[in-house]
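To keep things clear, I will list the structure first and then write my remarks on it.
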Amino acid sequence: GQKQYDKALDYLNMALNTVSQLPDSEAEIATTKVGLGLCLMSVKRMDEAKTQLLEALDYYESPLGNADGHYGSALSAMGEYMWRQKEYHNAVMYYEKALKVTIERFGENYGCKIIRSNLDKIKNEMENTFTKG
């Protein structure tokens, strides 16, 4: 429950402070920020989550971070953020980009399955929202 998330947040913040002091640690910082973003979403601290995820994506979208293997999971995390905010079009956009990046890097894998399953759920939710609303 909440206590475990609080403990995880403490741990991730400590990790972020530690890696931030190391030279050439941009990759580790970005990975840690994605973890923080996911954890913050779990405790409904959405503004802070968005900040962490956007900062991580800044790195992954830079020339330095673009080839990083974690780029796809950062995009997926942002897709989840948008989904939770009911920003369905943005959610689809991030998940589709995550799928493209994941296939480019790793080929078809389990991650692709999860992303496609999330895309299906979002598209169903969109249809239900817009047909009932």
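The single residue among 26, 87 that is in contact with a Gly (Cβ under 7 Å, 6 or more places away or on another chain) and of a type in the set (D, E, K, R) turns out to be 26. Taking the range 94-110 as the range and being of a type outside the set (Asp, Glu), open to solvent by 30 Å² or more (accessible area, probe 1.4 Å) and assigned to a helix (DSSP H, G or I) as the test, the residues that pass are 94, 97, 100, 103, 105, 106, 110. Taking each residue of the range 46-64 that is assigned to a loop (DSSP other than H, G, I, E, B) and looking for partners that are open to solvent by 30 Å² or more (accessible area, probe 1.4 Å) with beta-carbon atoms closer than 8 Å, six or more apart or interchain, yields 64/26.
The set of residues in the range 24-45 being in a loop (DSSP other than H, G, I, E, B) and open to solvent by less than 10 Å² (accessible area, probe 1.4 Å) consists of 25 alone.
The values are calculated or read from the model by the stated rules, or taken from the named source; none is laboratory data. All values reported here derive from a predicted model rather than from experimental measurement. Because the Cβ atoms are built from the backbone with ideal geometry, glycine has one as well, and the counts that use them run over all protein chains shown. In case anyone asks, the SASA skips ligands and DNA or RNA and just uses the protein heavy atoms, side chains included. Shrake-Rupley method; radii C 1.70, N 1.55, O 1.52, S 1.80 Å.
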